[in-house]
1. Could you please state how large a percent of the accessible area of the chain is carbon and sulfur, counting protein chains only and using a 1.4 Å probe?
2. What are the radius of gyration and Dmax of region 141-215, computed over its Cα atoms and given in Å?
3. What GluC sites (Glu not before Pro) in region 21-103 are in a loop by DSSP, with at most 13 other Cβ atoms within 10 Å of the Cβ?
4. Would you please calculate the Kirkwood hydrodynamic radius of region 85-172 over all C-alpha pairs and express it in Å, rounded to one decimal?
5. For the chain, modelled as a GNM with alpha-carbon contacts under 10 angstrom, which of Tyr80, Tyr69, Tyr51 fluctuates the most?
6. State the volume of the convex hull built on the alpha-carbon positions of the chain, expressed per residue in Å³ and rounded to an integer.
7. Run the reach check for Lys5 against lysines, Cα to Cα strictly under 17 Å, same-chain hits fewer than 8 apart removed. What comes back?
8. Going by the alpha-carbon gyration tensor, a ≥ b ≥ c the square roots of its eigenvalues, is region 189-243 rounded (a/c under 1.5) or, if a/c is not under 1.5, prolate (a/b greater than b/c) versus oblate?
Amino acid sequence: MVIYKAKDYQDMSRKAANIISAQIIMKPNCVLGLATGSSPVGTYKQLIEWYKKGDLDFSQVTSVNLDEYKGLSPENDQSYRYFMNTNLFDHVNIDKTRTFVPDGLEADSEKACNDYNAVIRKQGGVDLQLLGLGHNGHIGFNEPGAAFEKETHCVDLTESTIEANKRFFESEDDVPRQAYTMGIKNIMQAKKILVVVSGEDKADILKEVLYGPITPKVPASILQLHNDVTIVADEAALSKIDM
Ligand SMILES: N[C@@H]1[C@@H](O)[C@H](O)[C@@H](COP(=O)(O)O)O[C@@H]1O
């Protein structure tokens, strides 16, 4: 595991975007595993900037996103499909038919999840998976207690995640209670993993993730067992770790 200390959110975003750019340059037809949340937004902004300067080409890139709220349509401005379109896909030359997000409108959970696993397999797996980190150590929507061996599945969101995500909705009642998420098994099968973490409020959980016991109670702790993980975190997020 490699840990890069960034000065602040912007520096973290630039460093992470550099790693993603290197992946695209080395393998133009790579499969990127992408994430939502506020942590990767700056990274996407930086990638868009470099694309606009002519330094990056997404024309052969495929993407698979980690998760989607169950019940939200792609047009719903809180859906993760909408997030990806507005924060990245609409601004670069990626072929949208090669950008995949679980189908939030598929009411049959088993079908939605099996279909998504098939999509990931068809792409030949993920070359680089970008991850944010939830306050309770979740990755994607794999909440504490999630079995490590799961592939894409339907989850009940925990109260703390609903609380953390309600800022994006009009009211707490509007926050969906379930989501489809890649499982830990899908995430661990990625060839490389890049985690972006920012802010003092993530300092305790980041320390636990990196140096605590590997346990489903802290889903991201499994990353200690992956052989190619890069953490890019800002000083605030690393403030509980001596380095
Ligand atoms: N499903 C997403 C996660 O993929 C994300 O990592 C997490 C942290 O979000 P943020 O980066 O906004 O702190 O939030 C959501 O629950």
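The values are calculated or read from the model by the stated rules, or taken from the named source; none is laboratory data. Treat the numbers as computed from the prediction; the structure is a model and nothing was measured. With ideal geometry, Cβ positions are generated from the backbone for all residues, glycine too; neighbour counts draw on all protein chains shown. Heavy atoms of the whole protein, side chains included, go into the accessibility calculation; ligands, DNA and RNA do not. Shrake-Rupley method; radii C 1.70, N 1.55, O 1.52, S 1.80 Å.
1. For the chain, the apolar C and S fraction of the accessible surface comes to 49 percent.
2. When restricted to Cα atoms, region 141-215 yields Rg and Dmax of 14.0, 39 Å.
3. Numbers: sites: Glu49, Glu68, Glu75; in loops: Glu75.
In loop regions of region 21-103 (DSSP not H, G, I, E or B), the sparsely surrounded GluC sites (Glu not before Pro) are Glu75.
4. 15.3
5. Judging by the Gaussian network model, the answer is Tyr51.
6. Details: hull volume 27.5 nm³, N = 243.
Given the Cα convex hull of the chain, per-residue volume reads 113 Å³.
7. Lys15, Lys202, Lys207, Lys240
8. Since a/c reaches 1.5 but b/c is at least a/b, the shape of region 189-243 is classed as oblate.
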